[in-house]
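Peer 1: Supplied in structure tokens, the structure appears directly below.
Just so it is clear, none of the values below were taken in a lab; they were calculated from the coordinates. Worth saying up front: this structure is predicted, and the values here are computed from it rather than measured. Because the Cβ atoms are built from the backbone with ideal geometry, glycine has one as well, and the counts that use them run over all protein chains shown.
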Amino acid sequence: MRHTTFRQLEIFEAIARTGSFTRAADELHLTQPTVSMQMKKLAEYVGVPLIEQIGKKVHLTDAGRALAQASREVFGIMDRFAMVVAECQGLKKGRLRLTAITTASYVAPRLLGDFAQIYPDIEVALTVTNRERVLKNLGENISDLYILGQPPEEIDVVAQPFMENPLYVIAAPDHPLAGESRIPLTRLAKEPWLLREHGSGTRMAIERLFAKHGLEIQPRMELGSSEAIKQAILAGFGISALSHHALALNPPEQFAILDAEGFPIRRQWYAVYPAGREPSIVARAFLDFLLSHGKTYDAPSADLATKA
């Protein structure tokens, strides 16, 4: 391993993360032959196979998975060192890698945009994906921080709430329940529901509320994003419950916010990182920014309540 270069580890980590030689080459602005040649040299230095390619799919061997984890730890150490040097120079430079749950796409870019205004020399990489992938990245220690609506129970993490994220029941404006007051959960349970996939934090919160009252809802349709759910609501397929942040860009009259028993479900956005891992200086700077500025990004929940 003494002859292994930092660049080779960087290329290998990109392949392990993206699952593709082509995507890794594009990300690092290299040609695919260069990537293939460097990976051949790396395997020769290590002495055991790191990657198995079956058709167009790339699979890591046991040694490959161990090296991918080691590479991320090396990069994390170097990132923290670079930030220490920058701090000594009175600067804020470095790289922030953030992974956010899909529904956080309504808030994360705005937060990062304002953070970048304060620290323009910090390079930001944002990945938005479903909860399953976020937890996988968290377990593999890929990003510096993670934004979730519900911290995982199966992984030991530090989770700090920084912004309210209440869920409201949403319907089409001409829905029969629009305008009614204090709609009981027993009535809502009879409605066709549009829900996110199993494992979604939003879905778990909704189902937990109904289960607490001995009720069960059957989804008419499972959809992969809040935008798809909103379109299905307007098409008359049913009702759902969404974060108030998901409605921030929609005209107030486009959806009916139902005055429903047990709603809004009071939730929070959380900044999460693995327990036992000290965040980098730049990650700590962003976490401090979230904790001090998060409340200013809350959507006007009072207005939503008024609309209900």
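Peer 1: Residues with amide H under 5 Å of Trp269's amide H, sequence separation 5 or more or different chain, H placed in the peptide plane at 1.01 Å from N; which?
Peer 2: For Trp269, whose amide H was placed from the backbone, the distant partners under 5 Å are Phe162, Met163, Glu164, Asn165.
Peer 1: Still on this structure, please answer the following. Within the chain, what is the longest stretch that has no trypsin sites (Lys or Arg not before Pro) placed in a DSSP loop and near at most 16 other beta-carbon atoms within 10 Å?
Peer 2: On the way: sites that count: Arg2, Lys56, Lys92, Arg182, Lys190, Arg266, Arg277.
Longest run free of exposed loop sites: 93-181.
Peer 1: More than 23 Å apart: what percent of Cα pairs in region 167-266 qualify? Can you show the working numbers first?
Peer 2: Numbers: 699 of 4950 pairs.
Cα-Cα pairs of region 167-266 separated by over 23 Å account for 14 percent.
Peer 1: Based on the Kirkwood radius over alpha-carbon pairs, what is the Stokes-Einstein translational diffusion coefficient of region 26-154 at 20 °C with 1.002 mPa s viscosity, in µm²/s? Provide the component values of the computation, followed by the final result.
Peer 2: Details: Rh = 17.2 Å.
Rounded to a whole number, D works out at 124 µm²/s.
Peer 1: List, in order, the whole-Hz ³J(HN,Hα) value for each residue of region 164-174 obtained from phi through the Karplus relation with A = 6.51, B = -1.76, C = 1.60 and θ = phi - 60°; use x for Gly and Pro.
Peer 2: Values per residue, Gly and Pro as x: 5, 9, x, 9, 10, 7, 10, 9, 5, x, 9 Hz.
Peer 1: For the chain, calculate the relative contact order in percent as a whole number, restricting contacts to Cα pairs under 8 Å that are 6 or more residues apart.
Peer 2: Working: 470 pairs, mean separation 64.1, N = 308.
The value is 21 percent.
Peer 1: With unit charges on the beta carbon (Lys/Arg positive, Asp/Glu negative), name the residue among Ile229, His29, Val107 whose Cα is farthest towards the positive pole of the charge dipole of the chain.
Peer 2: Positive-most Cα among the choices belongs to His29.
Peer 1: What residues qualify as long-range amide H neighbours of Leu96, i.e. H under 5 Å apart, gap of 5 or more or another chain, H built at 1.01 Å from N?
Peer 2: Glu123, Val124, Ala125
Peer 1: Based only on Cα atoms, what Rg/Rh ratio does the chain have, Rh being taken as Kirkwood's radius?
Peer 2: Values: Rg = 22.6 Å, Rh = 21.7 Å.
Radius of gyration relative to Kirkwood radius: 1.04.
Peer 1: Distance in nm between label sites at Arg220 and Gln69, each 7 Å beyond Cα in the beta-carbon direction?
Peer 2: Taking the two extended label points, one gets 4.6 nm.
Peer 1: What is the calculated FRET efficiency for Glu27 to Glu278, with r their C-beta to C-beta distance and R₀ = 30 Å, to the nearest 0.05?
Peer 2: Values: r = 27 Å, r/R0 = 0.89.
Using R0 = 30 Å, I get an efficiency of 0.65.
Peer 1: Can you work out the Karplus-derived ³J(HN,Hα) for every residue in region 121-138? Use 6.51 cos²θ - 1.76 cosθ + 1.60 with θ = phi - 60°, whole Hz, and x for glycine or proline.
Peer 2: 8, 8, 7, 10, 10, 10, 10, 10, 7, 6, 4, 4, 6, 4, 5, 5, 4, 5
Peer 1: Starting from one equal scatterer on each C-alpha and no solvent at all, send me the Debye-based log10 I(q)/I(0) for region 6-65 at q = 0.26, 0.29, 0.30 Å⁻¹, two decimals.
Peer 2: -1.17, -1.43, -1.51
Peer 1: I need the phi-derived Karplus couplings for region 214-219: 6.51 cos²θ - 1.76 cosθ + 1.60, θ = phi - 60°, integer Hz, Gly and Pro marked x.
Peer 2: For region 214-219, the Karplus-derived couplings read x, 10, 9, 10, 10, x Hz, x marking Gly and Pro.
Peer 1: The chain: longest stretch without exposed GluC sites (Glu not before Pro) (DSSP loop, at most 10 other Cβ within 10 Å), sites themselves excluded?
Peer 2: Working: sites that count: Glu153, Glu154, Glu216.
Of all site-free stretches, the longest is 1-152.
Peer 1: Now, a different point. If each of Arg7 and Asp156 carries a label point 7 Å out from its Cα toward its Cβ, how far apart are those two points in nm?
Peer 2: For the pair Arg7/Asp156, the computed spacing is 3.9 nm.
Peer 1: Considering only the other residues whose Cβ falls under 14 Å of the Cβ of Thr202, what net charge follows from Lys and Arg at +1 and Asp and Glu at -1?
Peer 2: Numbers: positive: Arg131, Arg196, Arg203, Arg208, Lys230, Arg266, Arg267; negative: Glu132, Glu197, Glu207, Glu222, Glu227.
Around Thr202, the charge tally is +2.
Peer 1: Ala189's amide H: which non-local residues (gap 5+, or another chain) put their own amide H closer than 5 Å, with H modeled 1.01 Å from N in plane and none for Pro or chain starts?
Peer 2: none
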